[in-house]
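I have placed the structure first, in the form of C-alpha cells, so that the comments after it can refer back to it.
Read-outs throughout are calculated quantities, based only on the coordinates presented, and are distinct from any laboratory measurement. What you see is a predicted model; the values in this text were computed from it and never measured. Backbone-built Cβ (ideal geometry, glycine too); neighbour counts: all protein chains shown.
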Amino acid sequence: MKKMLRKIAAFVFHISGIALILRKGIGRNRVTILVYHDPKPEIFEKHMAYLAKRCNFISLRVLVGAIENQDWTSIPRNSLVIVFDDGLKGNYHLLEIFEKFAITPTIYLCSHIVNTNRKFWFDTGFKNHHSLKKYANADRLRKLKKMVDYDPHKEYDGRQALNLKEIQEMAPVVDFQSHSKFHPILTNCPDEECREEIGGSKSHLTMMLNKPIEHFCYPNGDYSEREVEYAKEAGYRSSRSIDIGWNNVNSDPFRLKAMYVDDDASIYVLIAQISGFFGYLRYLRMGSLYGKHPPYA
C-alpha cells in the first residue's frame, strides 16, 4: 500500500510540471549526485536510459575539481554524478550498463567488508536494525552479538560485498572510494574509533587497490563538525552526505549534497526523488534537513 501511494504521489508530482521546473530552473546549472545501493540491472538500465536523454553524466572527480578550482566552465548544464554506497556485490552486474552509457560512477567501499565474507551490521537478519542506530557503537555491537550472534570480524558462508577480482575488473570504469571500515554511525563512535573509521579505511583501501583514495562518504549520512575535521585531517578532498540538494561552485566539498533513489524506483518515483520531492518531505517531517538523517543503510 505504501509503495502504491508513493507511485501515485510521484505520478501526480510529474504531471504537475514541478519536476520540470526544478530541473530547468534550480537544478540546471547545479550538479545532482544520485545515490544508489544495490539496484537490479534491468531497473538501473531503465533509469540510465531515461536520464541519459535529459542529463549529462560527469564524474565525482570533475565535480570536486570544479569546486576546488572555483571554475564551473567544465560543468555542463543538468549534470549528474552517479554514486553507490557500501560496495555490494550486485554492483558488479552493472558494469556493462556503466560502459553503455559512458558513466564513471563512484562506488564508496567499506574497506574491511569488501573482499571478505563479513556482513554489514544492518544486514544480519535482525529485522529492526534501524532502532539500533541511536545506540553508541559499542552498545549496538553488544546488542547484535546477543540477538543474532553478530561479530563484525566473523567470516560467514556467503559474501555481501564486492571481492578484489571484481573491483579490479571494474576499476577502468569505476572510481572506488571510501565509506569507512565497518559502516558504523560515526556520530555514535568515540573520537579515536571515529578517526580510525575515517582515516583507517583510506589507508587500507590505498594499499588494497594501489591507488589514491581521495573521497569519503559518511555512513548513513550522519556527520557533525568532528567528522568533517577528521575527513580533512585524513587527507580526503571531499566527503559526501545525504543532505538533500544540489551542488554548485560554492558548495562545501566536505558536505556534498545528494538525492537518494530507491533501488526499485519506477521512472515516476525516480523523477520525484531526483528533484528532491520525497527527500524534502521526509526531512521536514523529521524536523531536520542536515547532518542527522532517516534510516538509510
(request) Arrange the peptides 109-119, 241-251 so that the one whose residues have, on average, the most other Cβ atoms within 10 Å appears first. (result) 109-119, 241-251
(request) Over all alpha-carbon pairs in region 36-191, figure out the percentage whose distance exceeds 28 Å. (result) 32
(request) Over all alpha-carbon pairs in region 153-192, figure out the percentage whose distance exceeds 12 Å. (result) 74
(request) Report the normalised scattering of region 113-234 as log10 I(q)/I(0) at q = 0.10, 0.20 Å⁻¹, calculated by the Debye formula with identical scatterers on the alpha carbons. (result) -0.32, -1.21
(request) Enumerate the amide H contacts of S239 below 5 Å, restricted to partners 5 or more residues apart or on another chain; note that Pro and chain-start residues carry no placed amide H. (result) F216, F254, R255, L256
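When a footprinting reagent is the concern and you count Cβ atoms within 10 Å, what order do E227, E155 take, fewest first? The partial results should precede the final answer.
Details: E227 24, E155 10.
Going from sparsest to densest Cβ surroundings: E155, E227.
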